[in-house]
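Here is the structure we will look at, set down as structure tokens.
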Amino acid sequence: MSRDLEGKCVVLGITGGIAAYKMADTARLLVKQGAEVHVVMTENAAKFITPLTFETLTNQRCVVDTFARDFQYDVAHVSLAKAADLILIAPATANVIAKLAHGIADDMLTTVVLAARCGKLIAPAMNTAMLENPVTQENLSALRRYGFEVIEPSAGLLACGDVGNGKLPPPEDLLDHVLRRLARNQTLAGARVTVTAGPTQEALDPVRFLTNHSSGKMGYAIAREAMLRGAEVTLISGPVSLTPPAFVKTVRVISAGDMLSAVQNALPETDILIKAAAVADYRPASAASDKMKKKDSELTLPLARTADILGWVAENRHPGLFVCGFSMETRDLLANSRKKLEGKKLDMIAANDLRTEGAGFGTDTNAVTLLTPDGAQELPLMSKADVSAALLDAIEARRA
């Protein structure tokens, strides 16, 4: 796992709801990402899960009492508030939400939050009726006005036996919210990025299709990295088994024609287009309406060219649009890729050789050369997450 929160301080505020026990996993995930985690609990939270659990996971003293006498001398609520890069309050009960909405600071947690100038996330978790009560909703609206980001609760079976909204989101979802706020400098804030990923499938009949070995990992990694940098990201994805990155708008497509339509719809609102998908070059000239039955004789399959997406983009791009393509070759990598760069009027192309160990389809690593009209930057074999970071660094530098 990457350590995207290295050097960041996260204050984890835990209040007295049954979901408090789930926060041990959240604390563990934050620590694995490299964060320095300080847990502040209300007294009621400590009845659901012990402070010792969090002290063991974080290697930091878990704070409950504002006036504890056995601390190194400092004003604890002020020092924690100053140290925090972000505060996450989860689960947040209706009681604590009401206190924070009205500036009440009568325990360690509410005092730290009131004294902090950093970003604040709050994840309500409670009975559906309590959550939907107009008073609670008004208090949440007030917190939003005061700069809190409210993490919407999940729906499902609650501890009280009711079914509805009010569940605490899974630890992985809470981690995603923290990562979006802290993992990167927001160098792409305000930018609209469209990424294509994965293979396309071209139907032969209702059962069979032509495709390739693309897993979509490269495109998904780029979409995630752009999201972490603050971009508004649209991911146009062919059929893959990956879970889309959080906070990314995902458009599912099947064929090259579908992908062209999706790109056409997204392009007017796109500042950066990154075409990482492995689009089929050919499709069956006609698709059978019924399953083609096997015969003793050989089958000749007429093929037709699929839509040229980058060709369409080259003819319809708007001023200010940055276009980065991908090129996978098995020979003459740089010559063939530069020909594509120039022919499709690209600003950049990421070229990789399928025969390079660790750089083929389905791997977690890649080795690419970034070609631009005036140069080339060869990247060593690295994780696709690191390739994504290097690619976006290069794009940002070119745009600047």
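The values are calculated or read from the model by the stated rules, or taken from the named source; none is laboratory data. Remember, predicted model here, so these are calculated numbers, not experimental data. Don't worry about glycine lacking a Cβ; one is built from the backbone with ideal geometry, like all the others, and counts go over all protein chains shown. SASA here: full protein model, heavy atoms, side chains in, ligands and nucleic acids out. Shrake-Rupley method; radii C 1.70, N 1.55, O 1.52, S 1.80 Å.
Table for the structure above
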| item | result |
| --- | --- |
| Residue check, A191 closer than 28 Å to G320 by Cα and buried (at least 22 other Cβ atoms within 10 Å of the Cβ) | no |
| Search result, residues across segment 223-246 that are in a strand (DSSP E or B), open to solvent by less than 20 Å² (accessible area, probe 1.4 Å) and over 14 Å from G198 (Cβ atoms) | V233 |
| Qualifying residue in segment 21-28 (condition: more than 26 Å from N95 (Cα to Cα) and not basic (K, R)) | no |
| Cross-chain or 6+ apart pairs with Cβ under 7 Å, segment 198-224 first and touching a residue at least 40 places away in the same chain (Cβ under 8 Å) and farther than 18 Å from T365 by Cβ, then among the basic types (K, R) and open to solvent by 20 Å² or more (accessible area, probe 1.4 Å) | E202/R283; D205/K291; P206/K291; V207/K291; L210/R283 |
| Filter result for V195 (among the β-branched types (V, I, T), without any contact (Cβ under 8 Å) to a residue 40 or more places away in the chain and over 24 Å from A101 (Cβ atoms)) | no |
| Neighbours by Cβ (under 7 Å, 6+ apart or cross-chain): first from segment 126-148, farther than 24 Å from A20 by Cβ; second outside any helix (DSSP H, G or I) and open to solvent by less than 70 Å² (accessible area, probe 1.4 Å) | G147/K120 |
| Subset tally (residues that are in a strand (DSSP E or B) and open to solvent by less than 20 Å² (accessible area, probe 1.4 Å)) for segment 120-145 | 4 |
| Scope segment 1-58; condition part of a helix (DSSP H, G or I) and of a type in the set (K, R); matching residues | K22, R28, K32, K47 |
| Qualifying strands (runs of 3 or more DSSP E) (wholly inside segment 153-207; at least 1 residues being over 13 Å from the mean Cα position of the chain (by Cα) and within 22 Å of L121 (Cα to Cα)) | 154-157, 163-167 |
